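Throughout, read-outs are computed from the coordinates displayed, never taken from laboratory work. Note that the structure is a prediction, hence the values are computed from the model and not measured. In this analysis, Cβ positions are derived from the backbone assuming ideal geometry, glycine residues included, and neighbour counts consider all displayed protein chains.
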Amino acid sequence: RIKANMDGKVAFTPICSDVPSYFIPMLSDIDRNVCFEQAIQAAITDFIQTHQRTPRVLDLGAGSGLLSSLALKHGAGYVCALEANETLAELCASQLNSLAEDESDLAKWDVETALSF
């Protein structure tokens, strides 16, 4: 879920109870999120210029899907989001599915639950 803080800046906040305690403050860190977005945008732009195609991204520990969403926003051709926490994997899938403008967009990502051994 996207939510504005007191300064009017936007933060991505999960609404689930089975989320680790460090998770919400981490996602509310606007400076962190902006830095990640800038890095993802630069990496995808560089990849496209170098390889003349869109990248396929593997997001290990995808959490809420924020970084996967940013990769898609900035031109990734496909994202596979892998998350061990089933609640977060469901949240990630919901977040990515909310980005779909039509049925063809649903083929641009996949969310998998990875179990620890």
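Points worth noting:
- The GluC sites (Glu not before Pro) of region 42-117 that DSSP puts in a loop, and whose beta carbon has at most 12 other beta carbons within 10 Å, are Glu101.
- In region 14-117, taking the dipole from charged Cβ atoms about the Cα centre, the farthest positive-side position among Leu82, Phe23, Thr50 is held by Thr50.
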